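Beneath this line is the structure, given in structure tokens, with notes to follow.
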Amino acid sequence: MIPRLLLTGAAGKLGRHLRSSLRPYAQQMRLSDIAAMDAAGPNEEVQFCQLADKQAVDQLVQGCNAIVHMGGLATDYPFEAILEANIKGVLHIYEGARRHGVERVVFASSNHVVGFHQQDEVLGTDCLRRPDSYYGLSKSFGEDVAQFYWNRYGIQSASLRIGSAFPEPKDRRMLHTWLSYRDLTELIRCCLQAPQIGHTVVFGMSDNRDPWWNNAGAAHLGFKPQDSAEPYRSDRESTPPLDPNDPARRYQGGGFVKSGPFN
Ligand SMILES: NC(=O)c1ccc[n+]([C@@H]2O[C@H](COP(=O)([O-])OP(=O)(O)OC[C@H]3O[C@@H](n4cnc5c(N)ncnc54)[C@H](O)[C@@H]3O)[C@@H](O)[C@H]2O)c1
């Protein structure tokens, strides 16, 4: 049991689910976001916080033993917005962790750090990063921050390259990238409870057929997904595929590879 677990992005789609699904693993949960959320229940604290505000994040982190950092912009935006929420945000989280002795951080990275790899490749966790957007760049920076704080300060981290975490896979691409909410929770549990993780990069995917990623490099986490996109295949494949020359079909990042420019 973690004495006090901080969950950022607690008002978001994944955060709302994790608020209850991670509860068995923490005595106390500190829930944070800039957006409205339900009032604190038993063994919960709600603390609104702007991630771009270094001092506010420092206060947020104080007293916590581990952090699940889900907060930030979850799709592509102009650089200035990404800079505030994601780039400054992740650095402030790690600075708070350093200052207050937090031992472990689970960082919501994204498959969009490798979005410009082709869909016919199978990537290991140590593959070259090829970010597909400002959003992907910010997650790539976050992974570097996690590595730096491990090497320099001994803070253990997992960077979860989440594929597509939704109640169901929505389209053909998600037959490869889907991560069920149940498997997301189990992955985070593994990252919080595995004895030694250093800085581990892991792809967040369910047990899908024809995956684009291989998690052998993160086997020490002990993550075994229970779900698969397979039951949704016939329905999702009943819609016509994208044109083979469409970059969204060629590259793993899908539509993100066509994001921007924003001027
Ligand atoms: N859902 C997915 O499939 C997926 C895939 C890859 C990565 N991720 C990552 O997982 C995390 C959660 O994703 P989600 O789908 O729940 O997204 P979401 O947008 O529903 O939740 C993100 C939350 O962060 C909060 N937030 C945004 N900017 C903030 C700021 N400056 N300060 C404080 N809070 C701020 C938002 O209010 C929101 O509640 C994100 O970091 C996202 O990048 C999600």
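Take the conditions closer than 19 Å to PHE107 by Cα and touching a Gly at 6+ places or on another chain (Cβ under 6 Å) and apply them to THR8. Does it pass? When the stated conditions are applied, THR8 passes them. For the stretch 13-26, the condition holds for no residue, the condition being that it is in a strand (DSSP E or B), within 16 Å of the ligand (Cβ to nearest atom) and among the polar types (S, T, N, Q).
Applying a threshold of 6 Å to beta carbon distances and a minimum spacing of six or more residues, or different chains, the list of pairs starting in the stretch 42-53 at a residue that is closer than 14 Å to GLY96 by Cα and ending at one that is in a loop (DSSP other than H, G, I, E, B) and not hydrophobic (A, V, I, L, M, F, W, C) reads LEU51/GLY71.
Selection of the stretch 214-229 for residues being charged (D, E, K, R) and surrounded by 13 or more Cβ atoms within 10 Å (Cβ to Cβ) yields only ASP227. Within the option set GLN118, GLN50, being polar (S, T, N, Q) and surrounded by 15 or more Cβ atoms within 10 Å (Cβ to Cβ) holds for one residue only, GLN50.
Take the conditions at pLDDT 95 or above, buried (at least 16 other Cβ atoms within 10 Å of the Cβ) and over 28 Å from SER133 (Cα atoms) and apply them to ASN86. Does it pass? The answer is no for ASN86. From the list ASP120, ASP144, ASP126, exactly one residue is more than 26 Å from ALA56 (Cα to Cα), without any contact (Cβ under 8 Å) to a residue 12 or more places away in the chain and away from the ligand (no atom under 12 Å from the Cβ). Which is it? After ruling out the rest, the residue left standing is ASP120. Restricting SER164, SER157, SER133, SER110 to residues that are surrounded by 18 or more Cβ atoms within 10 Å (Cβ to Cβ), more than 12 Å from the ligand (Cβ to nearest atom) and either at pLDDT below 95 or polar (S, T, N, Q) (or both) narrows the list to SER157. Kindly establish whether ARG104 is in contact (Cβ under 8 Å) with a residue 60 or more places away in the chain, more than 9 Å from the ligand (Cβ to nearest atom) and not β-branched (Val, Ile, Thr). Spelling it out, ARG104 is indeed in contact (Cβ under 8 Å) with a residue 60 or more places away in the chain, more than 9 Å from the ligand (Cβ to nearest atom) and not β-branched (Val, Ile, Thr). Consider SER138 carefully, then state whether it is within 11 Å of the ligand (Cβ to nearest atom) and small (Gly, Ala, Ser). Yes; evaluated as a whole, the condition is true for this residue. Do we find that ARG152 is surrounded by fewer than 19 Cβ atoms within 10 Å (Cβ to Cβ), away from the ligand (no atom under 13 Å from the Cβ) and either within 30 Å of ASP235 (Cα to Cα) or within 13 Å of the chain's Cα centre (by Cα) (or both) in this structure? Taking the combined requirement at face value, the residue does not satisfy it.
Among the residues of the stretch 230-263, those that are surrounded by 14 or more Cβ atoms within 10 Å (Cβ to Cβ) and more than 25 Å from LYS139 (Cα to Cα) comprise GLU230, TYR232, ARG233, ARG236, LEU242.
The values are calculated or read from the model by the stated rules, or taken from the named source; none is laboratory data. Fair warning: this is a prediction, and the values are worked out from it, not measured in the lab. Using ideal geometry, Cβ is built from the backbone for each residue, glycine included, and neighbour counts are taken over all protein chains shown.
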